[in-house]
Amino acid sequence: MDNVYDGLLEGDSSQWAFGTDFEDPLAGVDTTVPAGVDGADLATYCLMLGDDALVLSQRLAEWCSRAPELEEDIALANMALDLLGQARLLLARAAAADPAVVPALPSGSPVPAEDALAFFRDAGQFRNVRLAEVPNGDFAHVVVRLLLFSTARLATLDALRASVDTVLAAVAAKGVKELTYHRDWAGRWFVTLAQGTEESRRRLLGALDSSWPLRAELVTAHPVERSLPGVAADQSAVAGQVDAVLDQVLAVAGVDRPGKAPLAGVGGRTGRDGRHTEHLSRLLAEMQSVARAHPTGRW
Amino acid sequence: MTPDPWVVASEVRDPEMPMLTLTDLGVLRDVRLVDDTVIASITPTYSGCPAMATMRDDLVHRLTDAGFPRVEVRIVLEPAWSSDWITARGRAALHDAGLSAPGPARTDTGPARTDTGPIALTLGPVRRALTCPRCGSGATELVSEFGATACKALYRCTDCLEPFDHVKEI
């Protein structure tokens with residue numbers, strides 16, 4: 001027998017947990033681009049939202065086995081999984097809206113479009129905000145990052161439930177339910193650390209100070225978003241909601257709103273334009289190396 | 001004579017919570033026979049639920065074994081799954097297996113939301129009126145809002161001291 005596992009399963013491959021092959025996360029879903037909407041712009045917008053989720057999911061996964069308590073370790077892994085699922089749907093939606101965004105792979109490669117986008121693009125092609133990519137710090141840092149990120153993402157997805165792109169609206173409606181749990185988790189830990197010991201408060205304020213300049217990118221309308229009225233979330237409305245929620249958390253925690261200015265881009269270009277910190281390319285090197293070594297591999 | 005494909009598909013079980021059929025869980029949305037092809041539609045509970053591929057494989061496997069030569073499994077994203085869709089039979093099965101069933105899902109994250117402000121933030125302790133599925137005591141405490149799978153929170157009974165899973169409201 002060539003493969004010992006075949007004998008265990010008596011040729012019944014359906015007994016493998018979680019299937020044996022790729023599947024399309026949008027199988028049977030109508031992915032027609034709505035009339036009057038530019039497919040390339042829609043794809044770019046989906047990459048922004050999908051890359052935010054993918055890159056932060058990878059950072060959260062790095063926490064696995066490192067959190068201060070088992071329960072919080074599991075919480076971070078759960079949130080990483082939710083974001084990975086959202087990323088998969090959004091990258092698949094981007095590929096369906098504009099197949100030209102999908103990197104070309106060797107003929108015969110079984111890698112689906114969303115995996116090609118995740119594993120075969122370089123840092124300059126990623127559209128995520130820089131807040132998602134900076135390295136993990138201590139536990140206070142992940143709390144602050146998740147509070148800033150999930151507050152903005154929840155408001156954005158909430159608005160997207162009314163998007164004229166029905167695929168985006170459906171992905172957003174699911175994500176809203178998930179992000180509500182993420183934001184509550186981060187908000188509660190923010191208050192807990194702020195009102196805990198001198199040391200926990202010192203670390204929280206340090207994390208807030210270093211993360212705050214990266215926040216603006218999440219609520220600043222990008223030209224691609226402005227070119228998609230009715231499709232993309234209205235960032236001015238999102239920003240108002242985000243401010244209200246953050247002010248609520250800061251007030252309960254007894255923490256002043258930081259005054260630090262947003263981190264500048266390079267020539268006005270930021271993560272949304274593919275201009276990233278040096279940390280993203282290192283993150284991608286680890287995340288992508290196996291897939292890139294085996295572009296025709298089956299997993 | 002071939003059986004009703006709906007009945008066959010309904011008997012497929014959730015791989016993570018095998019006390020529930022896909023119908024009990026509320027993820028099987030439609031089963032129809034078009035010419036010689038069974039088209040079964042399922043909806044994800046969570047965006048990243050890794051059980052979807054197994055559900056798909058199990059549907060294909062069961063329906064093929066039941067005599068349907070061609071099976072196609074489709075994903076339905078809209079409306080988004082809610083824990084409110086777990087049936088009464090499913091809730092009883094969860095309880096019998098030592099799990100606590102979800103209460104009503106919050107309305108402001110569902111499709112009925114009408115107000116325009118932010119979705120309400122919960123900074124205080126999470127309070128659910130639960131009873132321990134083992135001893136029936138109402139004295140329970142939340143250990144973590146995130147449990148062994150995406151759909152569960154972890155609780156502990158302060159009377160019998162046993163931990164138990166609570167299927168989350170979503």
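The values are calculated or read from the model by the stated rules, or taken from the named source; none is laboratory data. It should be emphasised that the depicted structure is a prediction, and the values quoted were computed from it without experimental measurement. Note: ideal-geometry Cβ built from the backbone for every residue, glycine included; neighbour counts use all protein chains shown. Each accessible area value is taken on the protein alone, full model and side chains, heavy atoms only, with ligands, DNA and RNA left out. Shrake-Rupley method; radii C 1.70, N 1.55, O 1.52, S 1.80 Å.
Put simply, the Cα atoms of chain B extend 55, 43, 24 Å along their principal axes, the longest span coming first. Two numbers describe the Cα atoms of the stretch A:55-102: Rg and Dmax, which are 14.0, 44 Å.
I'd like the Kirkwood hydrodynamic radius of the stretch B:95-170, using the inverse of the mean 1/r over distinct C-alpha pairs, in Å.
Working: mean 1/r = 0.0739 Å⁻¹.
Final number for the Kirkwood radius of the stretch B:95-170 is 13.5 Å.
Compactness ratio of the stretch A:116-233: Cα Rg over 2.2 N^0.38 Å, N = residue count?
After normalising by residue count via 2.2 N^0.38 Å, the value is 1.20.
Amide H to amide H, with H built 1.01 Å from N, B:D30 comes under 5 Å of B:S41, counting only residues 5 or more places away or on other chains. Cα axis of helix B:52-65 to longest principal axis of chain B: angle in degrees, 0 to 90, nearest 10? Tilt relative to chain B: about 40 degrees.
Extents of the protein assembly as shown, taken as max minus min of Cα coordinates on every principal axis and listed largest first, are 73, 61, 50 Å.
Under 5 Å from the amide H of B:T140 lie the amide H atoms of B:T158, each residue being 5 or more positions distant or on a separate chain, with H modelled from the backbone and absent for Pro and chain starts.
Once the mean of 1/r is taken over each pair of separate Cα atoms and inverted, the stretch A:203-245 shows a Kirkwood hydrodynamic radius of 11.8 Å.
For the stretch B:120-135, backbone phi angles converted through the Karplus equation (6.51, -1.76, 1.60; θ = phi - 60°) give residue-by-residue couplings of 4, 8, 10, 9, x, x, 6, 10, 10, 7, 10, 10, 4, x, 8, 10 Hz, Gly and Pro being listed as x.
Which percent of the Cα-Cα distances in the stretch B:1-55 go past 14 Å?
Values: 788 of 1485 pairs.
I get 53 percent for the Cα pairs in the stretch B:1-55 exceeding 14 Å.
Near the amide H of B:E72, within less than 5 Å, lie the amide hydrogens of B:V38, B:I39, B:A40, all on another chain or at least 5 residues away, with H placed in the peptide plane.
Taking θ as phi - 60° and the Karplus parameters 6.51, -1.76 and 1.60, the scalar couplings of the stretch B:143-150 work out to 8, 7, 6, 10, x, 5, 10, 4 Hz in sequence order, x denoting glycine and proline. Interface burial in the stretch A:131-164 reaches 30 Å² or more for A:D158, A:R161, comparing the full protein assembly with the chain by itself; accessible area from heavy atoms with a 1.4 Å probe. Over the Cα atoms of the stretch A:27-293, the radius of gyration divided by the Kirkwood radius equals 0.96; this is the Rg/Rh ratio. Where in the stretch B:52-70 does the label zone of B:L33 land, with the point 7 angstrom along Cα→C-beta and an amide N cut-off under 20 Å? Under cut-off, by backbone N: B:59-70.
Cysteine residues of chain B whose C-beta has no other cysteine C-beta under 4.7 angstrom: B:C49, B:C151. Residues in the stretch B:68-81 carry Karplus couplings, in order, of 9, x, 10, 10, 10, 10, 10, 9, 10, 9, 10, x, 5, 4 Hz; the curve used is 6.51 cos²θ - 1.76 cosθ + 1.60 with θ = phi - 60°, and Gly or Pro positions show x.
Straight-distance candidates among the lysines for linking to B:K168, with alpha-carbon spacing under 25 Å and chain neighbours fewer than 8 residues away dropped: A:K174, A:K177, B:K152.
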